[in-house]
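K.L.:
After the structure tokens below, expect a handful of questions from me.
The values are calculated or read from the model by the stated rules, or taken from the named source; none is laboratory data. Note that the coordinates shown come from a computational prediction; the quantities given were computed from them, not determined experimentally. Heads up, the Cβs are rebuilt from the backbone with ideal geometry, glycines too, and the neighbour counts pull from every protein chain shown. The area values use the complete protein model at the heavy-atom level, side chains included, leaving out ligands, DNA and RNA. Shrake-Rupley method; radii C 1.70, N 1.55, O 1.52, S 1.80 Å.
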Amino acid sequence: MTIDPLSADLKRLEEIVRLLERDDVDLDQALTLFEEGVRHLKSAKERLTEAEGRVERVLEDASGVLRLTELDD
Amino acid sequence: MVRKRGQPAPDDLFGERRPSGPRPAAGSGGPGTPGATVPAARPAYSVTELALTLKDAVEAATGQVWVKGEVIGLKTYEAGHWYFNIKDEASQLRCVMWRTYAQRLRTPPPEGADVYLLATPTVWGQRGELRLNGVTMLPTSGVGLQQLTFERTREVLERDGLLDPARKRPLPPFPRAIAVVTSADGVVIHDILTVARRRWPATRIILVPARVQGDEAVDDLVTALGMVNRLDDVDLCIVARGGGARDDLQAFNAEPVCRAVAAVMVPTISAVGHETDITLTDLVADLRAATPSAAAALALPDRADVARHLASLASRLGGGLRGRTRVQSERLARAGDRARRAIESRMEERRRRWERFASSLDALSPLAVLGRGYGVARLADGSVLRRKEQAPPGTPFGLRISDGEIAARAE
């Protein structure tokens, strides 16, 4: 199964934070990691505010093809 | 055989088909009659006549009765009839339960179930069989038929590994689309949507309608669960049942439904039981929830939680970088410190050496020696008088003592 983008962002972000919190990263590396971290943070925050997903209902037509119709809730 | 010889059966429905002549008295072979001669005085029965006579006799013998025994070899036919034997230690009898009656029981008893069967014994002439026409059956013990079926299906599923905890799959952390297999009446899907909108609105919800109780429920559910595998992008499936009769969970204990749940390619959450009633579907699914709302809460992350987690990561990220720069500047400071300390200690050493040197200079100063009562004699040319031959008698010299010089002459 492919990992979803938000999980990927969070996973990398957690790695970066752990690396930055260790002692053996030099300043150059730290800055690079920080910039990468900020990018993941931004993309994760965008996904957090994504628009509402659709609500649908499955219908199978006579030929056995599945179709989705919008469901009013 | 309990046929009462010589008595015509009551309720003689087939009287018109009987031989019109006088009935031969059964057991009329009186004394003196040779056993094997064909009695000319009474016509032979046709097979059908005899079968019908026996049927009457059998039906009259007990009428509808309860019989207690073990159900074995039950076969269900497409028309809905059940055929089986009922037995005890010594005997067994063929039984049939016509669709009308079988439908009321819904689920056939498992092999070997001990039951009370309400039935009318009869003879089925076409097959030459003595048979019980069943009307209903009850379990003999406190363990209900449904429970027996449940246990039996559970054993089968367990044997096939469908209940193995190792089979349980983790749920996707952020599902893109959830297929909800439930009734189309709107209650369950509404509950799920309410929770989904609050927790994680971005996820698509797809209703896959199926009747969840009644005779069509099993087929409907199997079909709907099959459809889930044909939907793109779905990464989680919820099987849910709203309200409804508390004891009407049978469809979710049916083996075909359990197998269909196991065959769903994405992780499954089952929300069909009650707090106290676990269904087999619950056991086969990857996760069980008490209600449809609880299923939605398990399926979807809470946006507020994720936001908090992100905020904490953001602050640790910033903190991490500050930490890095602080460590760097502390390292510089420490390096500076070391240099300063090195310089200081070197200077200190120099100062000490200087002091030692200065004090030794002081010790060597001739004035200090003179201060202790010594004097220095110098000739006129300034050279220090060290040996006698430097000063024959009459040689003038100066004697330097601590507070001045005295003019003197050798004698």
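K.L.:
List the GluC sites (Glu not before Pro) within segment B:56-164 that DSSP assigns to loop and that have no more than 14 neighbouring Cβ atoms inside 10 Å.
P.N.:
Details: sites: B:Glu59, B:Glu70, B:Glu78, B:Glu89, B:Glu111, B:Glu129, B:Glu151, B:Glu155, B:Glu158; in loops: B:Glu78, B:Glu89, B:Glu111.
The qualifying sites are B:Glu78, B:Glu89, B:Glu111.
K.L.:
Anything losing 10 Å² or more of accessible area from the isolated chain to the full protein assembly: pick those residues out of segment B:160-176, probe 1.4 Å, ligands and DNA/RNA ignored.
P.N.:
Listed in order, they are B:Pro172, B:Pro173, B:Phe174, B:Arg176.
K.L.:
Could you tell me the distance between the Cα centroids of segment B:255-326 and segment B:391-407, to the nearest Å?
P.N.:
That distance is 114 Å.
K.L.:
Pick from A:Leu20, A:Leu33, A:Leu59: which is most flexible by mean-square fluctuation in a GNM of chain A where alpha carbon atoms under 10 Å apart are linked?
P.N.:
Among A:Leu20, A:Leu33, A:Leu59, the largest mean-square fluctuation in the Gaussian network model of chain A belongs to A:Leu59.
K.L.:
Measuring with a 1.4 Å probe in the full set of protein chains, what accessible area per residue, in whole Å², belongs to segment B:271-338? The partial results should precede the final answer.
P.N.:
Numbers: 3190 Å² over 68 residues.
I get 47 Å² per residue for segment B:271-338.
K.L.:
Given the whole protein assembly as supplied and a 1.4 Å probe, what does the accessible area of B:Phe252 come to in Å², nearest 10?
P.N.:
0 Å²
K.L.:
Here's a follow-up. Highest GNM mean-square fluctuation, chain A, Cα pairs closer than 10 Å: which of A:Arg22, A:Arg39, A:Arg12?
P.N.:
Sorting by GNM fluctuation, first place goes to A:Arg22.
K.L.:
List the residues of segment A:1-40 for which accessible area in the full set of protein chains is at least 40 Å² lower than for the chain on its own; 1.4 Å probe, protein heavy atoms only.
P.N.:
A:Met1, A:Asp4, A:Leu6, A:Leu10, A:Glu14, A:Val17, A:Leu20, A:Glu21, A:Asp23, A:Leu27, A:Phe34
K.L.:
Solvent-accessible area of B:Thr291, probe 1.4 Å, all protein chains present, reported in Å² to the nearest ten, please.
P.N.:
It works out to around 60 Å².
K.L.:
How big a patch of accessible area, both sides summed and in Å² to the nearest 100, lies buried between B and A at a 1.4 Å probe?
P.N.:
Numbers: alone 25770 and 6580 Å², together 28720 Å².
In total, chains B and A hide about 3600 Å² from solvent.
K.L.:
Heads up, I need the accessible area for B:Met347: 1.4 angstrom probe, whole protein in place, Å², nearest 10.
P.N.:
Answer for B:Met347: close to 120 Å² accessible.
K.L.:
If you don't mind, there's one more thing I want to ask. Keeping every protein chain in place, order B:Leu93, B:Leu298, B:Leu280 by accessible area at 1.4 Å, biggest value first, i.e. largest first.
P.N.:
B:Leu298, B:Leu93, B:Leu280
K.L.:
I would also like to ask the following. Provide a list, ordered by number, of residues in segment B:191-211 showing at least 20 Å² less accessible area with every protein chain present than when their chain is taken on its own, using a 1.4 Å probe.
P.N.:
B:Leu193, B:Arg197, B:Trp200, B:Pro201, B:Ala202, B:Arg204, B:Ile205, B:Ile206, B:Leu207, B:Pro209
K.L.:
Quick one: check the C-alpha center-to-center distance for segment B:56-122 versus segment B:170-206, whole angstrom.
P.N.:
Their Cα centres are 46 Å away from one another.
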